[in-house]
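Just below is one structure, and these are the notes that go with it.
The values are calculated or read from the model by the stated rules, or taken from the named source; none is laboratory data. Bear in mind the structure is a predicted one, so any value in this text is a computation, not a measurement. When we count neighbours, we look across all protein chains shown, and the Cβ atoms used for this are built from the backbone with ideal geometry, even at glycine. Side chains included, ligands, DNA and RNA excluded: accessible areas come from the protein's heavy atoms. Shrake-Rupley method; radii C 1.70, N 1.55, O 1.52, S 1.80 Å.
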Amino acid sequence: MLKHVFTSLFSIVVIFTSTAALCETKISGFASMFAGIASKGDQFLADYPNTGLYDDDISFAPDSSFGVQLKTRSSDKLEFIIQLISHGAHEFQNEIDWAYINYNIDSELSLQMGRKRLPLYFYSDFYDLGFAYYWVRPPSDNYTWQITNYNGLSLVYEPELGHWDASFNLYLGREDDKENHLLTFLASNTPVDESWKNIIGFVAELSDDIFEYRFTIMFSQLHRQVGNIVLSDDVGQLFYGFSFNARIDQFTFLSELNHYERSNDNIFVDTSMFSFGYKVGKTIPHITYSNLKQKQRAGNGDEHHYTVSIGARHNLNKTTALKMQYDDTTDKGVTTPVVGDGKLLSFGVDFIF
Amino acid sequence: MLLSFFCGFLFSASSLSSHHFQAVLVSAKNSNINELDKKDIRRLFLGLRPIHSQQTNIPIINTSNPNTYKLFLKNIMFLTERGYERKLIKRVFRQGADKIESFDSINALAQHLKQHPNNITFMMKKDALSQPDLKIIQALW
């Protein structure tokens, strides 16, 4: 495990320090180290996109990850940003989450080209940055998407709106994922290749000190192949969602409502999440309900699962947080169960540097 | 005489209080940073690019006095400490913004500014006046 981490760190540092003489380079990073044990059911799928799977023996890999971010600036207008991550769920293989060139068109507008996180859900583009939220991981029933990145273009507009911070992001791209982790796992290890083509999406965010609003919409074409069989060939898919968060004094309220549809395949899925937290000193106990429900269709396809989570985050200092969480998942799917009912106890530490 | 003594006392008391409670934006004495729009100061300390200013200034967070830091966040950033730190973390790891350095010692901060003429920070006026290597760019509140 550590060998992979150090190899990746070393490779990046070598690449960037070789350019450091010409450009200003900044390094930052994050790590999550968690342990967990499923107390009901043979398996507990805690992290869908990374296929972080616990069983009834204590495991240390499913929610653990290390990330390094490097940014090098060649001028006021031009920057190169790379984020490399090693997930325990992927045996700490090195993966590139971000690798893009950022061009500052003016003070409020920037254009990015390269590889980025696909910003579908509220936490999608900082899903691996555990320090930024109070759970061990964002609620699993909401975060079931199998494509997490895209290669393409992204236009970001961040205007001046008084006390409010606003961001509008239009993006275009494509992602081809050979042997997709999640789908291959769900297909009993039959390799599943997934492509999302002609991705076009838009995200609008508005926040002040108390409130956060986010709207997201994405359209793309899906190509899916299981083994040698093409299941979906350029089928249109639509995703949209809305998030609202409020932090008033010691209270925190977080919410997300999302909808996914592939109407040609008669697939319609709704997900929702509601969470309450209350800050007591440096500790935030929280409770969360998350739900995924697929509209039942003829033949098969009735994925339906929900989770109640209780947990606490304790801030040791400005860069380190301890977390503990108990999840109780009910899997109501009959023809499309995921891994069945399950309970999970997980605990660990998130830090940033 | 009593009246002039009383007026003099009032003057020095108000002068003392304005120095004690006035905060300023500072940089190294040898920097050529000009006054900034307060909206641009807010954008800089959020890791955004300024709109009204063409200068490329690097913000430094001064945490040497927790009250000054909280007042800065309230008066200039319109944020609480919790909200500000949440926004900064997201900006660094979502948008690739530069991490903003912070100092909890005025002397170390002054030393850093002296070596980095394009860096700016905030502090109480009385602290700025006690640092010979710093210059006051503008009053913040």
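Just a few scattered comments:
- Computed over chain A, relative contact order equals 14 percent, with contacts defined as Cα pairs under 8 Å that lie 6+ residues apart.
- Straight-line cross-link reach from B:LYS135 at under 25 Å between alpha-carbon atoms covers these lysines, not counting any fewer than eight positions away in the same chain: B:LYS29, B:LYS38, B:LYS39, B:LYS70, B:LYS74, B:LYS99, B:LYS114, B:LYS125, B:LYS126.
- Subtracting the Cα-Cα distance of A:VAL235 and A:LEU322 from 0.36 nm times their residue separation leaves 27.0 nm of extension gain.
- Segment A:118-244: translational diffusion in µm²/s, Stokes-Einstein, Kirkwood Rh over Cα pairs, 25 °C, 0.890 mPa s: 153 µm²/s
- The coefficient of translational diffusion for segment B:59-120, derived via Stokes-Einstein from the alpha carbon Kirkwood radius under 37 °C and 0.692 mPa s, stands at 263 µm²/s.
- The magnitude of the dipole of segment B:23-139, with charges of +1 and -1 set on the Cβ of Lys/Arg and Asp/Glu and taken from the Cα centre, is near 440 debye.
- Solution diffusion estimate, µm²/s, Stokes-Einstein, segment A:23-91, Kirkwood Rh from C-alpha pairs, 10 °C, viscosity 1.306 mPa s: 115 µm²/s
- Mean projected area in nm² (Cα convex hull; one quarter of hull surface) for segment A:302-353: 4.4 nm²
- Shape of chain B from the C-alpha gyration tensor: prolate (a/c of 1.5 or more and a/b above b/c, with a ≥ b ≥ c the square roots of its eigenvalues).
- Distance between segment A:205-283 and segment A:293-353 - C-alpha centres, whole angstrom: 15 Å
- Projecting the Cα atoms of A:HIS223, A:GLY88, A:ASN245 onto the dipole axis of chain A, where Lys and Arg carry +1 and Asp and Glu carry -1 at the beta carbon, places A:GLY88 farthest toward the positive end.
- Antiparallel bridge percentage (DSSP; both residues within segment B:23-139; nearest 5): 70 percent
- Inter-label distance for A:ASN266 and B:SER130, nm, one decimal - labels placed 7 Å from Cα along Cα-to-Cβ: 7.7 nm
- Förster-model FRET efficiency, 45 Å R0, A:LEU153 and B:ARG82, C-beta, rounded to 0.05: 0.85
- Full extension of the chain segment joining A:LEU78 with A:TYR103 gains 8.5 nm, where the gain is 0.36 nm per residue of separation less the Cα-Cα distance.
- For segment B:23-139, the fraction of 1.4 Å probe accessible surface lying on carbon and sulfur atoms is 49 percent.
- Local electrostatic count at A:TYR121 - Lys and Arg +1, Asp and Glu -1, tallied over other residues with Cβ under 11 Å: 0
- Between A:LEU111 and A:ASP341, the C-beta separation translates, for a Förster distance of 35 Å, into a calculated FRET efficiency of about 0.15.
- The interface between chain A and chain B buries about 3200 Å² of solvent-accessible area in total (1.4 Å probe, ligands and nucleic acids excluded).
- A simple spin-label model places pseudo-atoms 7 Å from Cα toward Cβ; at B:ILE100 and A:ASP56 they are separated by 5.2 nm.
- Along its first, second and third principal axes, ordered by size, chain A spans 59, 51, 47 Å in Cα coordinates.
- Accessible surface calculations at 1.4 Å, restricted to protein heavy atoms, place chain B at 50 Å² per residue.
- Helical runs (DSSP H, four residues minimum) scored at -39500 (n - 2.57) apiece and divided by the length of the protein assembly as shown put the mean residue ellipticity at 222 nm at -5500 deg cm²/dmol.
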